[in-house]
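Asks: I'd like to ask you about the structure that follows.
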Amino acid sequence: MELDEFLVNRLTNKDLEEYEKILNKVYHYKMSASNDFFEAKRQFLEDKISKEQFLKAKEAEKKAKKEFLEVLHNKAFKVNYKQAKRNLERHRVGHKDHELYLHEYRQAKKIYYKFKRIVSERGRNAKVAKLSDVAIAVNDLSFRYSPSTPIVLKHVSFQIKEGEYVAVIGHNGSGKSTLSKLLIGVLNHNQGTIEMFGNLVTSHNIDQVRQFLGIVFQNPDNQFIGSTVRADIAFGLENKCVNPKKMGKIIKNAAELVGMEKFLDSEPLNLSGGQKQRVAIASAIALDPSILIFDEATSMLDPKGKREIKEIMVNLRDQGDKTILSVTHDMDEILNADKVLVMNQGEAIRFGTPHEIIGDIGFLESIHLGMPFVYQVQEAFKKAGLPLKKASTMDELVAELWQKK
Ligand SMILES: Nc1ncnc2c1ncn2[C@@H]1O[C@H](COP(=O)(O)OP(=O)(O)OP(=O)(O)O)[C@@H](O)[C@H]1O
């Protein structure tokens, strides 16, 4: 598009209308490029497209963003207003053309203020703000993959407050992944609402809402994008156009948070699954998202890897400023959470503290979910006529058994 067209004196309402049309066009172009990039990233992580295709989508998004910002920051209407002001100063009261320049000045001023309003509306749309301390509010959410397939989520409602750690559990096929895909905007919901920090999520603002989200997926091998740990963490920062001077410190802090600071120059090949997953977390944290979504992030790891990741999740929660939603099959993990959402056949059937959920053994059995290991041991002792004092963690259990000895 020709921005210079607007760099002429004496802009009219018609020019402003033309500008608004162009702004809308580049805005929608940017939104669609951002969605394409997000989708490409997901497909790349799932090995469905090549790195070249993924990088192409990244470039397209960068270009679209740049073009949008160029249009948004167009100076023509301001220059026009200043010019008209200068002209008026040169043709004061008494000059034969004073009335003409006064009229032009008023016109330019009016158009400039209208321009500012249009830009600020787009500017507001371009950012989402925290309007509430409820990080995620899902209300009456229902979903089916296509009109001919059954409903897989049925009237799901729950709220997660900022800073809470919520584990989502449920038998295979209960709808956990579908729920997480709806939350990150990979799928669009058919019915009900999702709000993030009070912002109603729609297909128009999903790209902005994603600024709140950091996502860690299941497969550690597919999450590496950079050739080293440092390059991997830098990738998202570059994409967000973070000042290169600030990047070094951000990367170091993020790596330290997951205990990977000594591996910044390591290549992915030389890392264990757990270490790769720690880097994936660091890459997410570096962008400082308010909400972290872990989508079965420990399921492919060995016991040591699982333990490491679960410790990091607890540390992140304890720092207090991150909201965590973790879709998991690990019944031991739920003991770390503040709340547990239980899914069954597409419905959110319970939402409570881990102890409320685990305390009801009959309920867990009825939906084919096992108990955390610590509770299994206590049950076994109880059945053998040796009841133990209630222990919620392995340390408490060991202490209790030690005393019995
Ligand atoms: N692309 C799809 N098209 C149609 N139905 C689907 C699709 N993906 C999932 N489903 C169906 O949606 C329901 C919920 O699946 P979902 O993957 O969300 O469950 P889940 O709880 O995450 O299971 P798991 O623990 O095995 O990952 C299942 O009945 C599944 O068959």
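Asks: Quantify, in whole percent, the carbon and sulfur part of the accessible surface of segment 205-307 (1.4 Å probe; protein heavy atoms only). Please report the intermediate quantities before stating the final value.
Replies: On the way: 2340 of 4570 Å².
Carbon plus sulfur share of accessible area: 51 percent.
Asks: Anything over 23 Å Cα to Cα? Flag those among Lys41/Lys62; Lys56/Lys176; Lys161/Lys304; Lys41/Lys66; Lys41/Lys130, in the order listed.
Replies: On the way: Lys41/Lys62 14 Å; Lys56/Lys176 31 Å; Lys161/Lys304 30 Å; Lys41/Lys66 20 Å; Lys41/Lys130 26 Å.
Result: Lys56/Lys176; Lys161/Lys304; Lys41/Lys130 exceed 23 Å.
Asks: May I ask you to derive the FRET efficiency for Lys383 and Glu311 from their Cβ-Cβ distance with R0 = 22 Å, giving the value to the nearest 0.05?
Replies: For R0 = 22 Å, the calculated efficiency reads 0.10.
Asks: Same structure again: Protein chains only, probe 1.4 Å: how do Val377, Val71 rank by accessible area, largest first?
Replies: Largest accessible area first, the list is Val377, Val71.
Asks: Restricting to the chain, compute how many DSSP beta bridges are antiparallel as a %, nearest 5.
Replies: The antiparallel proportion sits near 50 percent.
Asks: Quick one: compute the contact order of segment 289-405, relative version, from alpha carbon pairs under 8 angstrom and 6+ residues apart, as a percent.
Replies: It rounds to 18 percent for segment 289-405.
Asks: Taking a 1.4 Å probe, which of Arg350, Arg117 shows the most accessible area, and what order do the others take after it?
Replies: Per-residue accessible area, sorted high to low, gives Arg117, Arg350.
Asks: Based on the Cβ-Cβ distance from Gln319 to Lys110, what FRET efficiency comes out when R0 is 45 Å, to the nearest 0.05?
Replies: Plugging the Cβ-Cβ distance into 1/(1 + (r/R0)^6) gives 0.35.
Asks: Also: When all alpha-carbon pairs of segment 249-342 are counted, what percent fall beyond 19 Å? All intermediate terms of the calculation are to be shown ahead of the outcome.
Replies: Numbers: 1652 of 4371 pairs.
When every Cα pair of segment 249-342 is considered, 38 percent fall beyond 19 Å.
Asks: Using only the alpha-carbon atoms of the chain as identical scatterers, what base-10 log of I(q)/I(0) does the Debye formula give at q = 0.10, 0.15 Å⁻¹?
Replies: Debye output, listed in q order: -0.78, -1.38.
Asks: Give me the angle, in degrees from 0 to 90, between the Cα long axis of helix 98-125 and the longest principal axis of the Cα atoms of the chain, rounded to the nearest 10.
Replies: So the inclination is approximately 10 degrees.
Asks: Starting from the Cα of Lys51, step 7 Å along the direction of its Cβ; do the same at His155; then give the gap between the two resulting points in nm.
Replies: 5.0 nm
Asks: Follow-up question, since we're still on this one. Select from Ser34, Thr323, Asn80 the residue farthest towards the positive end of the dipole of the chain; place +1 on Cβ of Lys and Arg, -1 on Cβ of Asp and Glu, and compute about the Cα centre.
Replies: Farthest towards the positive end: Asn80.
Asks: How high is the FRET efficiency from Glu89 to Arg117, r the C-beta distance, R0 22 Å, rounded to 0.05?
Replies: Efficiency, from the Cβ-Cβ distance: 0.25.
Asks: While we're looking at this one, here's another question. Positive end of the charge dipole of segment 172-306 (Lys, Arg +1 and Asp, Glu -1 on Cβ, about the Cα centre): tell me which of Asn253, Val216, Thr193 has its Cα farthest that way.
Replies: Checking the options against the dipole of segment 172-306, the answer is Asn253.
Asks: Could you work out Rg/(2.2 N^0.38 Å) for segment 134-362, with Rg from alpha carbons only? List each step's numbers first, then the result.
Replies: On the way: Rg = 17.6 Å, N = 229, 2.2 N^0.38 = 17.3 Å.
In units of the 2.2 N^0.38 Å rule of thumb, it is 1.02.
Asks: Can I ask one more? Dipole of the chain, Cα-centred, from +1 at each Lys and Arg C-beta and -1 at each Asp and Glu C-beta, to the nearest 20 debye?
Replies: For the chain, the charge dipole is close to 1780 debye.
Asks: Measure nothing but the geometry: give the 0 to 90° angle between the long axis through the Cα atoms of 51-72 and the longest principal axis through the Cα atoms of the chain, rounded to 10°.
Replies: Taking Cα atoms only, the helix is inclined about 40 degrees.
Asks: Between Ala399, Val138, Gly274, whose Cα lies farthest towards the positive end of the dipole of the chain when Lys and Arg beta carbons carry +1 and Asp and Glu beta carbons carry -1, centred on the Cα centre?
Replies: Farthest along the dipole direction, towards plus: Val138.
Asks: Restricting the count to DSSP beta bridges whose residues both fall in segment 134-362, what percent are antiparallel, rounded to a multiple of 5?
Replies: Given both bridge residues lie in segment 134-362, the antiparallel proportion sits at roughly 50 percent.
Asks: Report the local net charge at Lys262: Lys and Arg +1, Asp and Glu -1, summed over other residues whose C-beta lies under 13 Å from its C-beta.
Replies: With Lys, Arg at +1 and Asp, Glu at -1, the neighbours total 0.
Asks: Just the C-alpha atoms of segment 3-122: what Rg/Rh do they give, with Rh taken as the Kirkwood radius?
Replies: With Rh from the inverse mean 1/r over Cα pairs, Rg/Rh is 1.25.
Asks: Helix 394-404: angle to the longest alpha-carbon principal axis of the chain, degrees 0 to 90, nearest 10?
Replies: The angle comes out at about 20 degrees.
Asks: To continue, here is another question. Per the Kirkwood formula on distinct C-alpha pairs, the Rh of segment 305-357 is how many angstrom?
Replies: Computed over segment 305-357, the radius equals 12.0 Å.
Asks: If N is the number of residues in segment 56-112, what value comes out of its Cα radius of gyration divided by 2.2 N^0.38 Å?
Replies: Here the answer is 1.79, to two decimals.
Asks: State in Å² the accessible area per residue of segment 23-171; use a 1.4 Å probe, count heavy atoms of protein chains only, and round to the nearest integer.
Replies: Computed with neighbouring chains in place, this is 59 Å² per residue.
The values are calculated or read from the model by the stated rules, or taken from the named source; none is laboratory data. Keep in mind it's a predicted model, so treat the numbers as computed, not measured. Ideal geometry is used to build each Cβ from the backbone, glycine not excepted, and the neighbour counts take in all protein chains shown. In case anyone asks, the SASA skips ligands and DNA or RNA and just uses the protein heavy atoms, side chains included. Shrake-Rupley method; radii C 1.70, N 1.55, O 1.52, S 1.80 Å.
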